[in-house]
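What follows is a single structure, written as structure tokens, with notes after it.
The values are calculated or read from the model by the stated rules, or taken from the named source; none is laboratory data. Keep in mind the model is a prediction, meaning the values are calculated, not measured. Positions of Cβ are backbone-derived with ideal geometry, glycine not excepted, and every protein chain shown enters the neighbour counts.
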Amino acid sequence: MAFRTIEWRDDAVVMLDQTRLPAEEIYNRYTDFTSVAEAIRGMVVRGAPAIGVAAAMGIALGAREIVADTAESFFRQLENVCQVIGRTRPTAVNLFWAIDRMKRVAEAARGGSLEDIRTALRREAILIEQEDLAICKAIGQNGAELIPHGATVLTHCNAGGLATAGYGTALGVIRAAQEAGKNIRVFADETRPWLQGARLTAWELMKDGIPVTLIADNMAGFFMAKGEITCCVVGADRIAANGDTANKIGTYTVAVLAREHGIPFYVAAPVSTLDLSCSDGSRIPIEERPSTEVTHIRGLPIAPEGIGVRNPSFDVTPARYITAIITEKGVVRGDFSSQLAALGGA
Ligand code: MRU
């Protein structure tokens, strides 16, 4: 990749600041867990799998910061670190998946010295990052088979290298199809209000030389009706047991439009995005973000002061609109419930 989303380097977490893209390519260095938590909340790092990696690395930093005489004191403080990180963003289940995984690693190392536990946590965080890259490649391989030669693929938000340890989920499918010589074109929804499509998807696909056309969100139906879109591929923040899928606000609209026009609608996500404890999408917590994301662009007001605003950051696409869910373990279609249960979560 031409950039590194997140990495553990010299006992610190280094993240590409996604709030500054595409104007500036700046890498921030974090040495304490509270500033990593703030970076997750403030969208320096975003996208479900990348949030999971950041959470794990934040916990590894937090474990290093703990001063404790006993294992009990250490674990009490580690629980606080996990809670602070767990309060950052509610929808992407990868955050909670990573926290649980880190807690299990700490428990398994409990018999050893505090330094052993800290080392185990650091190693696990780096492993989660490395695994995510391999998982994205596998998702890409599995999904590329579904993309016809010469396809124009519509995507929403950014489910790319910037949203993962690299390569991406939805953009991983597009990259793998391109690498297979399929001559793909991409239409990127701009993705109001935070503009992940315009600022991030457009940026990373252009860097890779993959042909990409930017459209405003309200143009998707126009291009579908004209027959210019072959299929849609998006990422996911949480997939319920029945296949209902939470993803960036506006995804549901794209899925309904795709159904109306008979266009396949694919969700690409790692198994760590499955939440089998959520029976259906109505149980997925939806983050509401600050109103200024809607009323302002780059600090400039675009609406009258004092206007009432709603800003749900995600919506839920009912499973019936989803043609297939592409995971690293294979492609699921038809009866999602039984097949997702068989995948079993990560
Ligand atoms: O608010 P964001 O930018 O974190 O939302 C990101 C998305 O909705 C992505 O599509 C999703 O996390 C999948 S990323 C591989």
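Side notes on the structure shown:
- Filtering 177, 188, 165, 159 for residues that are in a strand (DSSP E or B) and crowded, with 24+ Cβ neighbours inside 10 Å leaves a single hit, 188.
- From 323, 273, residue being within 12 Å of the ligand (Cβ to nearest atom) and touching a Pro at 6+ places or on another chain (Cβ under 9 Å): 273
- Some residue of region 127-145 being in a helix (DSSP H, G or I), without any contact (Cβ under 8 Å) to a residue 60 or more places away in the chain, surrounded by 24 or more Cβ atoms within 10 Å (Cβ to Cβ) and not small (Gly, Ala, Ser): no
- Extreme residue, nearest to the chain's Cα centre (by Cα), among residues of region 220-269 that are of a type in the set (A, V, I, L, M, F, W, C) and assigned to a loop (DSSP other than H, G, I, E, B): 236
- Output for region 48-92, where each listed residue is within 24 Å of the chain's Cα centre (by Cα) and small (Gly, Ala, Ser): 48, 50, 52, 54, 55, 56, 58, 60, 62, 86, 92
- Residues satisfying the criterion are absent from region 58-65 (criterion: buried (at least 16 other Cβ atoms within 10 Å of the Cβ) and either within 11 Å of the ligand (Cβ to nearest atom) or at pLDDT below 95 (or both)).
- Residue satisfying condition, being part of a helix (DSSP H, G or I) and either away from the ligand (no atom under 15 Å from the Cβ) or touching a strand residue (DSSP E or B) at 6+ places or on another chain (Cβ under 9 Å) (or both), within set 84, 44: 84
- Members of region 191-213 found to be assigned to a helix (DSSP H, G or I), out of contact with any strand residue (DSSP E or B) (no Cβ under 9 Å at 6 or more places or on another chain) and more than 14 Å from the ligand (Cβ to nearest atom), listed by number: 207, 208
- Of all the criteria given as (1) under 23 Å from residue 193 (Cβ atoms); (2) more than 14 Å from the ligand (Cβ to nearest atom); (3) touching a helix residue (DSSP H, G or I) at 6+ places or on another chain (Cβ under 8 Å), the one not satisfied by residue 332 is (1).
- Flag for residue 87 being surrounded by fewer than 20 Cβ atoms within 10 Å (Cβ to Cβ) and not assigned by TED's automatic domain parsing to the domain that holds residue 289: yes
- Boolean, residue 107 is of a type in the set (D, E, K, R) and touching a residue at least 60 places away in the same chain (Cβ under 8 Å): no
- Number of positions in region 111-165 that are at pLDDT 95 or above and closer than 30 Å to residue 73 by Cα: 17
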